[in-house]
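Taking it in order: structure first as structure tokens, then the write-up.
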Amino acid sequence: MQHPRLMLAVVVLAMTICSPVLAAPDEESFFKQQPFYGKAFMQPLADDQDMPASTHPLLVDPRNQPGTSMYGALEPERPSRAASPELHDSVLTSWRCTRHVMVNVSCLFHNLYFQNNRLYVVLLHSDNFQVARYFLTMASLMPSIDIPHQLHFNTVEEAAVHMRNFTVSTRLALGVAPPWHDNFGHCIFDGLYPTFLGLVEFGLHHETFDAWFCQNLCQPSCDTEEIIHQFSGGRFLPQERFMNDYPGRRVSGAKFLKFNHFAYGSYRKGQRIVQADGGIAAGRSLNAMYLFTRRMYHRYGLPLPVHKNVAASPVFRVAIIHNKRFNMTDIEMFRELEAKYKAPNSNIKITYVDYGQVKPFSSQLALL
């Protein structure tokens with residue numbers, strides 16, 4: 001039998017194919033059992049009573065949390081805050097960012113605003129900080145995560161008057177902008193994983209969050225958008241769906257959407273980004289890939305794949321994953337191998353898997 005060079009693309013996994021599909025856990029009441037496409041973009045955003053409040057210090061009391069070896073203290077420092085701390089904390093934007101220098105920056109914003117299809121930070125003219133160091137390094141591979149625009153005011157009272165009309169979202173939001181998100185690989189490992197890693201760096205990876213989706217939606221729909229929604233545990237909020245609700249032109253009193261907490265990540269933590277340890281970004285150093293996998297399986301109500309001792313297992317299981325670059329000769333060879341090792345006494349079990357024929361996504365996870 002000939003072995004074409006594409007055989008190099010075969011991925012061999014020691015795995016148990018027959019993992020059971022468990023029932024998904026009950027969803028929070030704000031899902032209201034609605035179908036995902038077109039109806040699950042939950043409004044109004046002001047109704048947050050149906051989700052338990054976070055107890056994480058960075059969300060409950062960000063002002064009094066010091067910096068760590070992973071991230072810095074809250075910025076910018078404002079001497080004027082001493083005169084009106086509550087007004088400063090409720091109106092002006094502040095943030096803390098990871099300690100990377102000009103690369104792979106993740107930031108957690110407090111009081112981030114949306115209007116006219118743009119995100120805004122509200123600042124004082126007296127604020128002193130390096131804008132480019134943080135904001136300009138958070139852009140996605142595609143120019144779809146909007147670098148926050150700046151609104152400057154002389155005093156916090158002036159800012160409060162200008163920003164007086166807003167809808168508030170008290171939940172943690174995560175900006176997600178996967179390039180070519182109709183493709184599973186790009187969506188999950190160029191978009192969702194890098195942004196989730198931003199939460200890991202702040203210790204927020206257990207938090208339920210709203211997914212603020214900065215890309216245009218698929219027409220008519222994409223399975224990947226449902227994956228992002230399910231993974232978040234919160235609401236799926238496509239930016240394009242809010243353009244008409246907040247159309248203002250930065251006019252005083254125009255309505256804004258205000259996020260109490262909004263996290264940004266960097267795409268430079270995705271697939272095909274070479275790390276010194278040879279793995280995906282923070283997969284080993286922060287155990288982020290395990291945390292990502294655990295959350296994904298939990299959100300779909302599935303048990304984690306069991307790590308087994310290959311030497312102790314009586315059956316060595318192999319999965320050959322279909323790839324669009326395989327030709328018919330390759331596929332025929334893989335099918336022959338699958339049939340050859342189906343004998344009951346064989347200690348090798350080969351399965352040729354075409355994920356395009358395995359639906360829904362939870363069934364693909366269950367294969368592992």
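The values are calculated or read from the model by the stated rules, or taken from the named source; none is laboratory data. Note that this is a predicted model, so its numbers are computed, not measured. Here the Cβ is made from the backbone with ideal geometry for all residues, glycine too, and neighbour counts use every protein chain on show. Note: areas computed on protein heavy atoms with side chains; ligands, DNA, RNA excluded. Shrake-Rupley method; radii C 1.70, N 1.55, O 1.52, S 1.80 Å.
Figures for the structure shown
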quantity	calculated
Accessible area in square angstrom per residue, segment 151-286, 1.4 angstrom probe	38 Å²
Largest-first ordering by accessible area, 1.4 Å probe, given options Met328, Met70	Met328, Met70
Accessible surface of segment 198-239, 1.4 Å probe, proportion on carbon and sulfur as whole %	37 percent
Segment Ser90-Ser346, extension gain: residue separation times 0.36 nm, minus the distance between their alpha carbons	85.5 nm
Ordering of 289-300, 165-176 by packing [mean C-beta count within 10 Å, highest first]	165-176, 289-300
Estimated D of segment 148-242 in µm² per second, where Rh is the Kirkwood radius over Cα pairs and Stokes-Einstein applies at 20 °C, 1.002 mPa s	144 µm²/s
